[in-house]
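Note sheet for the following structure.
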Amino acid sequence: DITNSAMSIAGMKELVDLEGFFISEMESYTAALKNKIDVMESLLHEVQSKREISRRNPEEFVSHPLNAFSLIRRLHEDWTQAELLMLNHVGLEHLQAIETGLDEAQPTDNDLDDAIAGIIALQQFYNLQPSDIANGLLMGKQYNTSLTTLNCQALANACMNFNYDKYALNWYKAAVEHYNHDRDGQVYREVFDFRLPDLYINYTSALVTKGFRKAAWKVLQDVADLDATLWLLRKDIYEVGKSMFLILRLSHHHGSMYWLSSVSQTSQHLSCHYEQNTSEFLRIAPLKVETLSLKPHIVLYHDVIYDSEISKVKNISLPSLKSPLRIIDAVDYNLKLAQIRDDHQSPLSLRIKDMTGEDVQEDSDFQIDNYGICGFRNFHTDNIEMQDQTAELGDRLTSILFFMTDVVQGGAFAFPNLNLTIWPQKGSALVWRNLDHRMQPNKDLLHVSCPVVVGSKWTLMKWLHERPQMFSRPCTTERKFKSHDESIN
Ligand SMILES: O=C(O)CCC(=O)C(=O)O
Ligand SMILES: [Fe+2]
């Protein structure tokens, strides 16, 4: 079973399997029901064919002894059998299988809220229109997928709950637009318990709340004949206005959209650029390294972690990926992480030693991240608060960020103060130092992992701490620091 499923794309593969399981169980259940119906239909056919004569003249019918006898026998015996046949609940094992699957692995209210919050964050960060998102158009890129009325309605209701009235309006509008595309009236009504009037009630109530009374009235004008409630609603909007109308607002389900508030606070300042960085490309054998910034020194290595290493890291960490606590003002949103240990003699650790010129012996932990729906990491530096540092390790001196996947869209890594954006490229690694030569934190190294739009973003993070570098990186004078940095180049 998986928890917090919206927080890791890689973990969500299990949900695809779960739905596949439900589908096949429902197919088997349907086949069992069909079989039962087939048997009943042949029985019906049999008795109906004899019925015509008896129905026309019952008395004449039973005046024949063979008819009279067989009627009595049929009623006494065959119809008992028929009732047993009808009573027989077929396919119960498939129902049971689905019930167990739901009990054990169904996404929770929190999961749905995380998924909703992801879509809303996507909309907010990248300033997208609900109708575009609903049509599968994400930042100018058309995908072959879209949202149904039910999806749009769920997003709209959630926005309403969260007092994102303006967003709610556009999602309701998208819901209404999509109703004409994807409705199968009976399935919507009888299976999904969808009521078109409720959608219009919510939509127009949102419009009225935002002061668009006339627009609400207009919307209802076309649909008021669908339902008496809508007709009354239109009348109310016209005659009475806002006050009594609000009473009609349906109560929505309340979840813990714990992080949308932080999203809205930060999105204005977010700096995620779309142009590719085009600084010069240096080839230094055996590692390809690109200098992105001289002061502070930031470099990008290419092809520095191998596919085989990447698969191994992913396989080891997938079962241990955990989501961070749901707290307001968290840095991590919709992502899961795991810590793994590596031998300091492993080829990867030795390569890190080559890349940084630093001692890797005492820092054997790696952090693996897999991002979820619109997962991102908000502004932060990698420095550790003084009170949280250990005496043996001290602060995080060097950050080495390996990109283990390309990301189809979004998910850039940016240093906003340096106006520097790095796009995840499978096999590359970004290296920077969080402390200057006086071992003071440098605020310019504030960074952010922008929301992933499409793709499963995997990164591997390695921190080399300050204290173990006592000898590899003496920090007493600026001269020594410089000579060290030159050795990276
Ligand atoms: O995964 C990323 O893109 C960034 C990770 C990061 O900044 C961190 O873990 O501190
Ligand atoms: Fe970081």
Only one of (1) within 13 Å of ligand 2 (Cβ to nearest atom); (2) at pLDDT 95 or above does not apply to Y371, and that is (1)
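Please determine, by comparing only the residues of region 442-465 that are hydroxyl-bearing (S, T, Y) and at pLDDT 95 or above, which one is nearest to L138 (Cα to Cα).
For region 442-465, the residue satisfying everything is S456.
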State the number of residues belonging to region 374-397 that are assigned to a loop (DSSP other than H, G, I, E, B) and within 11 Å of ligand 2 (Cβ to nearest atom).
3
If I filter region 74-91 for residues that are assigned to a helix (DSSP H, G or I), open to solvent by 70 Å² or more (accessible area, probe 1.4 Å) and among the basic types (K, R), do I get at least one hit?
no
Across region 422-461, what is the total count of residues that are more than 12 Å from ligand 1 (Cβ to nearest atom), under 29 Å from the mean Cα position of the chain (by Cα) and in a strand (DSSP E or B)?
2
Give me the residue from region 276-311 that is open to solvent by 90 Å² or more (accessible area, probe 1.4 Å) and over 18 Å from I422 (Cβ atoms) and, out of that set, modelled with the lowest pLDDT.
R283
Among the residues of region 322-334, is there at least one that is farther than 23 Å from K13 by Cα and either outside the structural domain of N417 (by TED's automatic domain parsing) or modelled with pLDDT of 90 or more (or both)?
no
Among (1) of a type in the set (A, V, I, L, M, F, W, C); (2) within 14 Å of ligand 2 (Cβ to nearest atom); (3) farther than 17 Å from I298 by Cα, the one test that V454 misses
(2)
Top-ranked residue in region 433-449 [being within 16 Å of ligand 2 (Cβ to nearest atom) and touching a helix residue (DSSP H, G or I) at 6+ places or on another chain (Cβ under 6 Å); ranked as most open to solvent (accessible area, probe 1.4 Å)]:
D444
Identify, by number, the condition in (1) over 17 Å from V299 (Cα atoms); (2) open to solvent by 30 Å² or more (accessible area, probe 1.4 Å); (3) within 16 Å of ligand 2 (Cβ to nearest atom) that G411 doesn't meet.
(2)
Only one of (1) under 17 Å from Y200 (Cβ atoms); (2) surrounded by fewer than 21 Cβ atoms within 10 Å (Cβ to Cβ) is not met by T145, so which one is it?
(1)
Count - residues of region 354-383 that are closer than 25 Å to V453 by Cα and away from ligand 1 (no atom under 11 Å from the Cβ)
3
Is there a residue in region 337-346 that is outside any helix (DSSP H, G or I), under 20 Å from the mean Cα position of the chain (by Cα) and touching a residue at least 24 places away in the same chain (Cβ under 8 Å)?
yes
Between a residue in region 358-385 that is closer than 22 Å to A121 by Cα and of a type in the set (D, E, K, R) and any residue that is assigned to a strand (DSSP E or B) and within 12 Å of ligand 1 (Cβ to nearest atom), which pairs come within a Cβ distance under 6 Å, given they are 6 or more apart or on different chains?
D369/L335; D369/L337; D369/T459; R377/D332; R377/S449
List pairs: first in region 21-48 and in the same structural domain as L71 (by TED's automatic domain parsing), second among the basic types (K, R) and at pLDDT below 95, Cβ under 8 Å, 6+ apart or cross-chain?
V47/R74
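Please determine whether any residue of region 50-61 is closer than 30 Å to S205 by Cβ and open to solvent by 30 Å² or more (accessible area, probe 1.4 Å).
Looking for residues that are closer than 30 Å to S205 by Cβ and open to solvent by 30 Å² or more (accessible area, probe 1.4 Å), one finds none in region 50-61, hence no.
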Within region 100-124, track down each residue that is charged (D, E, K, R) and exposed (fewer than 13 other Cβ atoms within 10 Å of the Cβ).
D103, E104, D109
Under 22 Å from Y333 (Cα atoms), among the hydrophobic types (A, V, I, L, M, F, W, C) and touching a Pro at 6+ places or on another chain (Cβ under 8 Å) - does that describe any residue in region 123-145?
yes
Could you please give the count of residues in region 126-137 that are of a type in the set (A, V, I, L, M, F, W, C) and either within 15 Å of the chain's Cα centre (by Cα) or surrounded by 20 or more Cβ atoms within 10 Å (Cβ to Cβ) (or both)?
2
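Of all residues in region 384-403, which are more than 10 Å from ligand 1 (Cβ to nearest atom) and buried (at least 17 other Cβ atoms within 10 Å of the Cβ)?
Hits for region 384-403 are I384, L393, G394, D395, L397, T398, I400.
The values are calculated or read from the model by the stated rules, or taken from the named source; none is laboratory data. Nothing here was measured: the structure is a model prediction, and the numbers come from that model. With ideal geometry, Cβ positions are generated from the backbone for all residues, glycine too; neighbour counts draw on all protein chains shown. Ligands, DNA and RNA are excluded from the accessible area calculation, which covers all protein heavy atoms including side chains. Shrake-Rupley method; radii C 1.70, N 1.55, O 1.52, S 1.80 Å.
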